[in-house]
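Participant: Take this structure first; my questions come after.
The values are calculated or read from the model by the stated rules, or taken from the named source; none is laboratory data. Being a predicted model, the structure only gives us computed values, none of them experimental. Here the Cβ is made from the backbone with ideal geometry for all residues, glycine too, and neighbour counts use every protein chain on show. Remember, those area values only see protein heavy atoms, side chains included, never the ligands or the DNA or RNA. Shrake-Rupley method; radii C 1.70, N 1.55, O 1.52, S 1.80 Å.
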Amino acid sequence: MSTVDHDGPPDPGTAISVRGLRQRHGDLEAVRGISFDVAPGELFALLGTNGAGKTTTIETIEGFRRPAAGRVRVLGTDPYGHPPELRERVDAVLQQSGVFPELTVAETVDLARDLAADPMPRGDVLELTGLTAKAGAAVGTLSGGQRRRLDLGLAVLSRPDVLLLDEPTTGMDPEARRETWRLIAGIVADGAAVLLTTHYLDEAERLADRLAIMHRGEIRVAGTLREVVVDRGDRVGFRLPADVRADDLPAIGGAAPEVEPRDGGAWVGYTVRGDDPDARAHRALAELLDWARARGTVLGRLELRAASLEDVFLGVADGAADLISG
Ligand SMILES: Nc1ncnc2c1ncn2[C@@H]1O[C@H](COP(=O)(O)OP(=O)(O)O)[C@@H](O)[C@H]1O
Ligand SMILES: [Mg+2]
């Protein structure tokens, strides 16, 4: 698990370094001592329920907020107040975008190009964002998803070294989201360090080299997708056979059975967390089937499910209530 030493110095190869960051909104401690690094050519996803503190974190890294405690460095520099050495190298798509609704898409792109040192050609930006056909349309007439893609185009046209994306695909249909994922993956492949917040788990699964799950201002889980998912374990489940008492169930793969009511009967579940993540489910299942054969019983509706990011996420959020509230 790649959590970060809270007091350690920033890694010199890092593009974004956050150490022990705390932020308040009035009485509310919105960010409670989080630490992570993002390297060049890496996409780090910050996941979390609404209100977890993701936007507050990204706005701090963008330089809009001074940390209440802890330290943030972007390309080795304190980003607070947008120092000139970062202006050309860092760009962001924040949740609130500041474009003029009456300008056309082409005019908006040109305005951003005027401010950049070595901008991409306008045609490339329009093509990249899929907005070529909308070049003459007023920004105010775009759909939510088209607006988000325009925001992204404006952020990447200066070819930034660090890109901060706060829920970049919110409001997009699946096709636009896929296009946007391709765009973002291309930016990472070109060597940018990208910090992305999202509450779409498939987006993190698709894009993230590493990820962290925030809840109530803290990072609860961090690592590569594989690391966080492997830690969670694989699930084996079946309906408790009528001829088996819960007390008679074996442990499998080192995991004890958990029995809970379901569909008017009892459901048995195991969470298997062996040392060998590739083989642990196979071994546990083999033990279970050996046991069932020896007992002469049949395990109804037997299922095996590898842990998913969703399981980890729901585990962090302490159940679905938190997910629905925001
Ligand atoms: N400007 C603000 N004033 C007061 N509270 C805020 C402000 N911005 C955010 N908050 C609160 O801080 C917490 C974290 O918010 P935020 O960083 O926006 O979380 P996320 O982006 O993960 O949804 C939430 O409880 C939110 O209501
Ligand atoms: Mg947010």
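Participant: Between A307, A294, A284, which is in a helix (DSSP H, G or I) and touching a residue at least 40 places away in the same chain (Cβ under 8 Å)?
Facilitator: After applying the criteria, what remains is A284.
Participant: Tell me which of these V236 doesn't satisfy, since it passes every other one: (1) more than 30 Å from G53 (Cβ to Cβ); (2) out of contact with any helix residue (DSSP H, G or I) (no Cβ under 8 Å at 6 or more places or on another chain).
Facilitator: (2)
Participant: Would you check which residues across the range 211-260 are in contact with a strand residue (DSSP E or B) (Cβ under 6 Å, 6 or more places away or on another chain) and without any contact (Cβ under 8 Å) to a residue 12 or more places away in the chain and list them?
Facilitator: The answer is E260, and nothing else.
Results for (1) open to solvent by less than 70 Å² (accessible area, probe 1.4 Å); (2) of a type in the set (A, V, I, L, M), shown as yes or no for each residue.
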site	(1), (2)
V90	yes, yes
T104	yes, no
A117	no, yes
E167	yes, no
G171	yes, no
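Participant: Looking for whichever is buried (at least 16 other Cβ atoms within 10 Å of the Cβ), among the polar types (S, T, N, Q) and not assigned by TED's automatic domain parsing to the domain that holds L299 here; the options are T198, T224. Which one fits?
Facilitator: T198
Participant: Still on this structure: Of the conditions (1) surrounded by 13 or more Cβ atoms within 10 Å (Cβ to Cβ); (2) at pLDDT 90 or above; (3) within 30 Å of E203 (Cβ to Cβ); (4) not β-branched (V, I, T), P277 satisfies every one except a single condition; which number is it?
Facilitator: Against the list (1) surrounded by 13 or more Cβ atoms within 10 Å (Cβ to Cβ); (2) at pLDDT 90 or above; (3) within 30 Å of E203 (Cβ to Cβ); (4) not β-branched (V, I, T), P277 comes up short only on (2).
Residue by residue, here is whether (1) within 11 Å of ligand 1 (Cβ to nearest atom); (2) in contact with a helix residue (DSSP H, G or I) (Cβ under 7 Å, 6 or more places away or on another chain); (3) not assigned by TED's automatic domain parsing to the domain that holds T169 holds:
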{"residue": "Q23", "(1), (2), (3)": "yes, yes, no"}
{"residue": "L28", "(1), (2), (3)": "yes, no, no"}
{"residue": "P40", "(1), (2), (3)": "no, no, no"}
{"residue": "G53", "(1), (2), (3)": "yes, no, no"}
{"residue": "T57", "(1), (2), (3)": "yes, no, no"}
{"residue": "V72", "(1), (2), (3)": "no, yes, no"}
